[in-house]
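Since the structure comes first, as C-alpha cells, the remarks are kept for the end.
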Amino acid sequence: MSAGYLSVPAGAVHQQELSTDTAIRVNDLSVLVGQKALVDNVSLTFPHKRITAIVGPTGSGKTTVLRAINRMHDHTPGFSVKGDVTIGDIDVYSPDANLRVLRRRVGMLFQRANPFPQSIQDNILIAPKAHGMVPKNGSRDLCESLLQEVGLWNAVKDRLGGSPFMLSGGQQQLLCLARMLALQPDVALLDEPTSALDPGTTEHIESLLKGLREKVTILIVTHNLAQALRISDEVVFLMAGKLVEHATANKFFHDAADERSREYVSGRIG
Amino acid sequence: MSTASELTTGDRILRAVSAVAGFLPGGIVGFFAVVMILTAIPAIAFSGLNFFTGTTFTLGNLYAVTTITHNGVTAPHGAAYGALTFIVGTFATSIFALVLAIPVSVGGVLMLTEWVPRRLQNTLAVFLELLAGIPSVVFGLWGIVVFGPIMAQHVYPALTSIGNVIPWFKGPVGAGEGLLTASLVLGIMVIPIIASTTRELLRGVPVLAKEGAIALGMTRYETTRVVTLPYIRTGILAASLLGWGRALGETIAVLIVSGNALNVLPHNIYSPTSTIASTIAALLDAALTDFTGSAVHALAYLGLLLLVISLLTNFAGRLVIKRVSTGALPVGRGI
C-alpha cells in the first residue's frame with residue numbers, strides 16, 4: 001500500500017463496497033473526434049445521492065465522460081458519441097430523448113464561472129422561468145432561498161439588479177451553483193468547479209456539495225486528489241480514455257486494486 | 001527609455017515615419033475643418049440662423065447683374081441658403097435606412113450562424129462581401145430603373161393603409177423616387193457593414209457562456225436572447241454607427257433615387273427629398289458659375305454641417321458604447 005502524501009484518514013468516508021443503488025448507467029461509452037477516441041468503451045455506474053469523483057491525468061477523458069452524460073457533445077462540431085447512458089427512466093442517447101427535460105434534471109457547473117450577461121436575479125430566474133417552474137409572485141422568494149442556500153445572499157441582496165460580472169470569481173461560481181440548483185436537478189455534473197478559485201471559496205463549495213448529497217447525485221471531475229479525498233464517496237479513475245478503476249474513495253486512496261491507481265494516488269504518475 | 005545617442009539611423013527613420021503617420025489622420029481632419037470653416041464663413045454671415053430654419057435653398061439668378069448684400073456678403077439677386085430640407089432629408093433617410101438594416105443584418109446573421117452549416121455560411125459570407133463591393137452608382141441606377149418603380153407600383157400602395165394609424169404613410173405614393181426608396185436603397189447598402197461586423201462579433205462570444213444556457217436545457221432561441229445578444233449588443237451599436245456614418249455621407253445613390261426635392265419638406269414618406277451630400281453634388285456645377293462666389297461658400301457651409309454631424313454622431317456613439325459597456329455587460333472586462 002502506497003497512499004503517499006495522502007495517507008491521512010479519509011474522514012467521513014467509511015464505505016467499503018460500491019453502492020448498488022444506481023442513478024446513472026454508462027454502457028460501452030466511446031466519444032470520438034474523427035477516428036480518435038477520447039473516451040474508449042467505458043462502462044460505469046454512478047451511485048444515487050453520492051458524490052463520485054472522476055479523476056485522472058490530463059487528457060484522460062474525465063471531462064469528456066462528464067459532458068457525454070448531458071449530451072454537451074451534441075454542440076461540439078466533429079464529436080460523435082457511441083454507447084448508452086441511462087439516468088433513471090431517461091435513455092439519454094435515444095433518438096426521441098427530450099434534451100430539455102434531460103438538462104432540467106441534470107445540472108452542470110463549469111471550470112470557470114459563466115454567469116449570463118443579465119442581472120444577478122435574472123441569472124437565477126431565467127432558467128426556471130423558461131421551464132415554467134416559478135410560481136406566480138414567487139420569484140423573489142425563490143431567488144432569496146437559493147442565494148441563501150449557497151451563502152451569497154448577504155453579499156448580493158442589495159444589488160440583485162446589478163451585473164454578476166462585478167462579483168468576485170468565487171461569488172460568480174456560487175451564483176452559477178444557485179442557478180443550477182434553481183431547476184432542482186436530480187444529478188449535478190461538476191467540471192473542476194473549484195480549479196480557478198481560492199482555498200476559502202473552495203472549502204465553502206465543498207461543504208455545500210456535501211450537504212447537497214442529501215438530494216442530488218453528484219459527479220465531480222477534479223484534478224485535485226486531495227479534494228476527491230475530502231468529499232467523494234466513490235472514485236472513478238481514468239487514463240487515456242479508458243476506465244482503470246472504480247472503487248469507494250476509502251479503497252481507492254488506501255488500497256487501490258490497480259497498480260496504476262496506486263501510482264497515481266502516490267503522485268508518481270499524473 | 002533610450003536616449004537619442006543610442007538610436008541607429010534606422011531607428012531615427014522609423015521614429016520619424018511613425019510620428020508623421022501617427023499625426024496624419026488628426027492633421028487631415030484638422031486641415032479639413034479649418035478649410036471648410038474658412039470657406040463657409042461668408043455663407044455663415046450671409047444666412048445666419050436662416051440656414052437651419054429656412055427651407056428655400058436657391059443660388060439666385062446667376063445670369064442677372066443685380067446683387068444683394070447681407071451682413072457685408074454679396075450674392076446674386078434672389079439667393080437664399082436655407083438648408084432645413086436637406087438636414088431633414090439627411091436624418092430621415094439615414095435613420096430609416098438603419099431601422100431597416102439593423103434587424104435584417106443582425107437577424108439574418110444570427111439565423112445563418114445558428115442554423116446554417118458552416119460551409120454554406122462561408123459561401124453566403126462571400127455574397128455579403130460582394131454586396132459591400134457594389135459601387136454606389138450601380139445601386140442608384142438599379143434603384144431608379146428597377147427597384148423604385150416596382151415598389152411604387154406594387155408595395156407602396158399597400159403601405160398607404162398604415163396611413164390610418166401613422167399619417168406619414170398616407171399617399172400619394174409617387175413614382176418611386178423619394179424618401180422611402182432612398183432609405184431602402186441606403187439600407188441595402190448599409191446591410192453588409194452591420195452584417196459582417198455582427199458575424200465577427202458572434203464568433204467572439206465565448207462558447208463557455210453559451211454552454212451555461214445550453215446545460216440548463218434552454219433552446220437556441222433562448223440562448224441567443226439570454227446570452228449571445230447581450231454579449232454583442234455594444235458591438236452591434238458600434239457597427240450601426242459605422243453604418244449610419246455611411247448612410248449620412250452617401251451621395252450618388254441618394255442623388256439618383258431621392259427625387260431631388262428643393263425648397264420643400266417631405267409631406268409623407270414617399271415624398272421627394274434631398275440630403276446634404278446629394279445637394280452638394282447636384283449644385284456644385286452651377287455654384288461654380290456664380291460670379292459673386294457666394295454659392296460655393298454656401299455649399300461649403302453644407303459640407304461643414306455634414307462634417308459636424310458625422311463627428312457628433314461618432315462622438316455620441318462612442319459615449320453610448322462606453323456607458324453601455326461599463327454596465328451589465330462583460331464586454332471589456334475579464335470574466
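The values are calculated or read from the model by the stated rules, or taken from the named source; none is laboratory data. The shown structure was predicted, so the numbers you read here are calculated from the model rather than taken from an experiment. Methodologically, a virtual Cβ is constructed for each residue, glycine included, from the backbone with ideal geometry; neighbour enumeration extends over all protein chains shown.
A few points about this structure:
- Scanning segment B:214-236 for residues that are within 7 Å of chain A (Cβ to nearest Cβ) and among the small types (G, A, S) yields a total of 2.
- Beta carbons closer than 9 Å, at least 6 apart along the sequence or on distinct chains, pair a first residue in segment A:57-76 that is within 14 Å of another protein chain (Cβ to nearest Cβ) with a second that is among the polar types (S, T, N, Q) and surrounded by 15 or more Cβ atoms within 10 Å (Cβ to Cβ) for A:T63/A:Q111; A:H73/A:T64.
- For segment B:59-104, the set of residues classified as closer than 16 Å to B:G293 by Cβ, in contact (Cβ under 8 Å) with a residue 60 or more places away in the chain and not small (G, A, S) consists of B:L59, B:L62, B:T67, B:V73, B:T74, B:P76, B:Y81, listed by residue number.
- Subset of segment A:246-269 (residues that are farther than 26 Å from A:S207 by Cα and surrounded by fewer than 21 Cβ atoms within 10 Å (Cβ to Cβ)): A:A257, A:D258, A:E259, A:R260, A:E263, A:R268, A:I269
- Cβ pairs under 7 Å, 6+ apart, first in segment A:230-250 and closer than 20 Å to A:K36 by Cα and in contact (Cβ under 8 Å) with a residue 12 or more places away in the chain, second of a type in the set (S, T, Y) and outside any helix (DSSP H, G or I): A:L238/A:S60; A:M239/A:S60; A:A240/A:S60; A:G241/A:S60
- Some residue of segment B:42-49 being in contact (Cβ under 8 Å) with a residue 40 or more places away in the chain, within 21 Å of B:G249 (Cβ to Cβ) and touching a Leu at 6+ places or on another chain (Cβ under 7 Å): no
Results for (1) buried (at least 19 other Cβ atoms within 10 Å of the Cβ); (2) of a type in the set (D, E, K, R), shown as yes or no for each residue.
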| residue | (1), (2) |
| --- | --- |
| A:K82 | no, yes |
| A:S94 | no, no |
| A:L99 | no, no |
| A:M133 | no, no |
| A:G162 | no, no |
| A:Q172 | yes, no |
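- Single condition B:H267 does not satisfy, out of (1) in a loop (DSSP other than H, G, I, E, B); (2) of a type outside the set (D, E); (3) over 21 Å from the mean Cα position of the chain (by Cα); (4) within 20 Å of B:F51 (Cα to Cα): (4)
- Among the residues of segment B:167-204, those that are outside any helix (DSSP H, G or I) and at pLDDT below 90 comprise B:K170, B:G171, B:P172, B:V173, B:G174, B:A175, B:G176.
- The lone criterion from (1) surrounded by 14 or more Cβ atoms within 10 Å (Cβ to Cβ); (2) touching a His at 6+ places or on another chain (Cβ under 7 Å) left unmet by B:I37 is number (2).
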